[in-house]
Amino acid sequence: HPYQVLEWCFESFPGGDLIKFLPASNMALPKENILRYSKGLYEKLKYIINYVPDPSYNSDVPAECYLLERIFYLIWSNNLKEI
């Protein structure tokens, strides 16, 4: 669930039943929004993308990227405090 990723990366974040997101995470960002967070955050996100499931798991659904797609708008439109 996207909130599990947010809990792994941030101390707190706006909650609620819905997460506002942009499909395919198509957005233009000022450099300041990207530099707001440490290299450690981006390493955590890269770790999620590089996850390799058990070979017996057969799916064409990139679930890890789905999770990140759902949280990018929240991350870059807020000033969240990293863990």
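The values are calculated or read from the model by the stated rules, or taken from the named source; none is laboratory data. Keep in mind it's a predicted model, so treat the numbers as computed, not measured. Remember, those area values only see protein heavy atoms, side chains included, never the ligands or the DNA or RNA. Shrake-Rupley method; radii C 1.70, N 1.55, O 1.52, S 1.80 Å.
Computed values, structure above
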| quantity | calculated |
| --- | --- |
| Stretch gain in nm, segment LYS31-GLU82, where the contour uses 0.36 nm per residue and the Cα spacing is subtracted | 16.5 nm |
| Residue-averaged 222 nm ellipticity for the chain, from DSSP H runs of 4+ at -39500 (n - 2.57), nearest 500 | -13000 deg cm²/dmol |
| Whole-number percent relative contact order across the chain, with pairs defined as alpha carbons under 8 Å at least 6 apart | 62 |
| Correct choice for log10 I(q)/I(0) by the Debye sum over Cα atoms at q = 0.14, 0.15, 0.17, 0.22 Å⁻¹ that was computed from the model, options (1) -0.58, -0.66, -0.86, -1.38; (2) -0.50, -0.57, -0.73, -1.18; (3) -0.50, -0.57, -0.71, -1.04 | (2) |
| Surface accessible to a 1.4 Å probe, per residue, for the residues of the chain, Å² | 73 |
